[in-house]
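Below is one structure, written out as structure tokens; comments come after it.
The values are calculated or read from the model by the stated rules, or taken from the named source; none is laboratory data. Treat the numbers as computed from the prediction; the structure is a model and nothing was measured. Counting neighbours? That spans all protein chains shown, and the Cβs are built from the backbone with ideal geometry, glycine included.
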């Protein structure tokens, strides 16, 4: 196997780049390695142009292989990878958002990028390697693409300061984790999670990351120059000049009046009617069907031009708002009677209902993945039914968009969630998008924060979020939009989602449709996003400003107690017999941690206390000199066996029955007798010796 190797350096670590014929039937492929984490990227382009499409058909897949981590997962009957994990879906989206803006907008060839993780260590995340590998596979292929793109992860904590390319352990200890990518010296994709750090720290992280991206792009360009193929000349979608002129002439004096109305539904209806009029007009002029398809795309381009022109020249938004104006807000809690908490957050025509469910510690989500295994006790799920945008579609499971938006809201709120020691419940929040007009993920974040406080979950403080937009008109000509609606998201140049508290940032996500944006512009947007967050926070605080002290009467009750680790086996019993009996009899859920912490979850306190009493019986430790109650369960020649409760037994020797000589045990006690006894001795092996005569002597003295 012939191969060529190169090296890159990020944060003091070496990234190995290897070109070979491993995937030689793809248009471009590369293997990238850091430590023992290895990814293979391949890029394939279709043979035919699909001019019937009005979009660029790009597919990006990141593939997790459990063998990469030396694990065998899957159901017992299907030991193989099946549906991508949420983590894999999020990584696919990360790479897609990075590379997509650099393809020609009017390209109509199928392109698929597959990044496969072949090996993973416990230090180096494959996502940064995946972005770099995709960039090199595309850059060295014959596929038209305006790369390269570099990516870097940066973290920050008070103890370490900024770290470029942190390992997993450093990321766990950090207060800020950020992934930044882009071409040349600009940023075109950013994701961050934070524990409430200030905007100033985020700005410095962006500046440092952009500098590192610029340096890496020079190295990637050098590799591509040496290994790259000449780009194939493909047919790009072009529109006939005659049809372009026809469409432009038809739209004169019609487009602005259709677009610039405050109500979204009215605007959409105007555009629908305008499009119908345009099609009828062209049909009457005997234009062929292909021209009608092109006319729809030309209409989209003309709308884009009008939106850009009016915002750049007149600060004029489609719904007449000021550039920094937030849509009307409505906030309400306790929307639903039976769930444990609910809230409604409405921003213009974006309406989100978030609902909280509290469960036992045993209700955690078990994670089995290539990178992560363990338990997850805070879940945020996001649903986007078609009716929310006035459309019709089959109801299926969550797609990439739902997974991504749910994860963003979860990331934003997670730093405020109390620890299990403070609040032992498993917490699930579901955000239902009831009406959509942009910024639904940030509205879901606000609604979830409200619902959590209403349910009594002791979150540290409210989390709010807002989507910011950008309209570019040249290198130094731009306008920033606060609280973009769906129309502005579609025709704008960037979607900048920022979530946080009154004190700092908890989550960021940036998508662009242009080549990229400088960090200084992003810093300006970040400041305007803070102003918007604080405004929204005031409205939320007017409804509820701190968590309720009491949980819903419909929420389960959880009580915590602690036993010694060596008692865990006694509580469980052979084959789980004892603990299952307690669960069955009391209607409680019982979860046991390895350290001996026990969580009892029950519908009400009475059932929980019943279970706790049974647990204490089973795990009770007896001490010499202690007075106890017991029942005679067996009679032997040498004494009586006493049931002390909870499968505990003791021996009442015949010599301890009375202060006088006893010939037969039955002369003093019988099976079923309830006795008050004194513990004489507890052996190291747990055997208990009891005395009845010592108790009688005590009673006589009284």
**Item:** Restricting the stretch 519-538 to residues that are surrounded by fewer than 17 Cβ atoms within 10 Å (Cβ to Cβ) and in contact with a helix residue (DSSP H, G or I) (Cβ under 9 Å, 6 or more places away or on another chain), the residue that is nearest to residue 358 (Cα to Cα)
**Value:** 527
**Complete:** Looking across the stretch 625-647 at residues that are outside any loop (DSSP other than H, G, I, E, B) and touching a helix residue (DSSP H, G or I) at 6+ places or on another chain (Cβ under 8 Å), the single one that is farthest from residue 676 (Cα to Cα) is 636
**Complete:** Of the conditions (1) buried (at least 17 other Cβ atoms within 10 Å of the Cβ); (2) over 30 Å from residue 556 (Cβ atoms), the single one that residue 601 does not satisfy is (2)
**Item:** Some residue of the stretch 235-246 being touching a strand residue (DSSP E or B) at 6+ places or on another chain (Cβ under 7 Å) and closer than 21 Å to residue 515 by Cβ
**Value:** no
**Odd one out for residue 249 among (1) exposed (fewer than 13 other Cβ atoms within 10 Å of the Cβ); (2) touching a residue at least 60 places away in the same chain (Cβ under 8 Å)** = (2)
**Message:** Residues that are part of a strand (DSSP E or B), surrounded by fewer than 14 Cβ atoms within 10 Å (Cβ to Cβ) and either out of contact with any helix residue (DSSP H, G or I) (no Cβ under 7 Å at 6 or more places or on another chain) or modelled with pLDDT of 90 or more (or both): does the stretch 613-621 have at least one?
**Reply:** no
**Fill in**
Of the candidates 110, 200, the one satisfying the condition of being outside any loop (DSSP other than H, G, I, E, B), without any contact (Cβ under 8 Å) to a residue 24 or more places away in the chain, in the same structural domain as residue 41 (by TED's automatic domain parsing) and more than 23 Å from residue 64 (Cβ to Cβ) is 200
**Item:** Among residues of the stretch 319-330, those that are out of contact with any strand residue (DSSP E or B) (no Cβ under 6 Å at 6 or more places or on another chain) and in a strand (DSSP E or B), counted
**Value:** 0
**Message:** Taking the conditions exactly as written (crowded, with 24+ Cβ neighbours inside 10 Å, in contact with a helix residue (DSSP H, G or I) (Cβ under 8 Å, 6 or more places away or on another chain), modelled with pLDDT of 95 or more and assigned to a helix (DSSP H, G or I)), does residue 358 satisfy them or not?
**Reply:** no
**strands (runs of 3 or more DSSP E) lying entirely in the stretch 1-106 (those with 2 or more residues that are loosely packed, with under 13 Cβ neighbours inside 10 Å)** = 3-10, 37-49
**Prompt:** Is there a residue in the stretch 126-149 that is modelled with pLDDT of 95 or more and part of a strand (DSSP E or B)?
**Reply:** yes
**Unique match (being at pLDDT 95 or above and either within 28 Å of the chain's Cα centre (by Cα) or within 24 Å of residue 214 (Cβ to Cβ) (or both)) among 73, 62, 66** = 62
**Prompt:** Within the stretch 407-423, is there a residue that is closer than 23 Å to residue 349 by Cα and assigned to a loop (DSSP other than H, G, I, E, B)?
**Reply:** no
**Asked** Can you pull out the residues in the stretch 53-82 that are farther than 30 Å from residue 371 by Cα and touching a helix residue (DSSP H, G or I) at 6+ places or on another chain (Cβ under 7 Å)?
**Response** 54
**Asked** So which of 219, 232 ends up being buried (at least 17 other Cβ atoms within 10 Å of the Cβ) and at pLDDT 90 or above?
**Response** 219
**Asked** Condition test on residue 393, is it surrounded by fewer than 24 Cβ atoms within 10 Å (Cβ to Cβ), assigned by TED's automatic domain parsing to the domain that holds residue 347 and in a loop (DSSP other than H, G, I, E, B)?
**Response** yes
**Request:** Working only within the stretch 362-383, note down all residues that are under 28 Å from residue 557 (Cα atoms), more than 13 Å from the chain's Cα centre (by Cα) and not in a strand (DSSP E or B).
**Result:** 362, 363, 364
